[in-house]
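Step one of this worksheet: look at the structure below.
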Amino acid sequence: MKPKTLGLVHTSATLVPVFAQLCQAKLSGVNVFNIADDSLVKGIIASGRLTPQIARRVASYLESAELAGADYILVTCSSIGPAVEAAAQLIGVPVLRVDQPMADQAVATGHRIGVIATLRTTLEPTADLIARRAALAGRPVQIVSHLCEGAFEALMSGDAARHDALVATALKELAGQVEVVVLAQASMARVLASLSPAELRAPVLASPGIAVDYLATVL
């Protein structure tokens, strides 16, 4: 049987090795290729929203991935999630938002769900996705959103330690208020390695591993 091919679309090249490691560990025998363009998320930050022009560019990347031979496409950025959902209707292969399996797991885990992000443009689409997936599952949820002010700027300026410290502090605080915490950005997942379970009073979900686990069931 011909091996399946997974196309990954990123808005940050820093996520390429993260997903390469996960795919190697969990998707044995699946061919993987990457498309990365960090100008997409920079454009969203500059505009303060996902513009129609950026949405069209997202659609073109999904089409490129399909034309490159992808049997399945995973988009690893939550900020462009609404554009991904819209464009997926025009693509001939399945397209997955990286945060959808995580949202489903959060909805199944608890009623009071915390969402944490370093960008408002990611916080809102993730909270909206969780609300919609909860409605689809027929489960009432309460979403508590938290924006980590200054963390993204610290990361972009090269101060990863400050980014991680700000996220860790906010995570510990939010975990004490909810039943489960969702990390809205894949780039935040590495902060979990510096925290012990005792410091977090609720489970914390990160999208990369959960998304690749889901893909392992369908590829």
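Overview of values
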quantity	calculated
Residues that are surrounded by 18 or more Cβ atoms within 10 Å (Cβ to Cβ) and without any contact (Cβ under 8 Å) to a residue 24 or more places away in the chain, drawn from the stretch 145-165	154
Lone qualifier among 25, 59 - being of a type in the set (Gly, Ala, Ser), part of a helix (DSSP H, G or I) and touching a helix residue (DSSP H, G or I) at 6+ places or on another chain (Cβ under 7 Å)	59
Residue match in the stretch 103-119 (condition: acidic (Asp, Glu), touching a residue at least 12 places away in the same chain (Cβ under 8 Å), within 19 Å of residue 184 (Cβ to Cβ) and in the same structural domain as residue 167 (by TED's automatic domain parsing))	yes
Filter result (outside any helix (DSSP H, G or I) and not β-branched (Val, Ile, Thr)) within the stretch 188-219	195, 196, 200, 201, 202, 203, 205, 206, 219
Some residue of the stretch 171-181 being touching an Asp or Glu at 6+ places or on another chain (Cβ under 7 Å), outside the structural domain of residue 27 (by TED's automatic domain parsing) and among the hydrophobic types (A, V, I, L, M, F, W, C)	no
Matching residues, the stretch 1-22, being in a strand (DSSP E or B) and either touching an Asp or Glu at 6+ places or on another chain (Cβ under 9 Å) or among the basic types (Lys, Arg) (or both)	5, 6, 7, 9, 10
Restricting the stretch 63-84 to residues that are surrounded by fewer than 24 Cβ atoms within 10 Å (Cβ to Cβ) and at pLDDT 95 or above, the residue that is nearest to residue 52 (Cα to Cα)	63
Any hit, the stretch 132-139, residues being crowded, with 21+ Cβ neighbours inside 10 Å, touching a Pro at 6+ places or on another chain (Cβ under 9 Å) and either modelled with pLDDT of 95 or more or closer than 15 Å to residue 205 by Cβ (or both)	yes
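The values are calculated or read from the model by the stated rules, or taken from the named source; none is laboratory data. Remember, it's a predicted structure, so these values are computed and weren't measured experimentally. Note: ideal-geometry Cβ built from the backbone for every residue, glycine included; neighbour counts use all protein chains shown.
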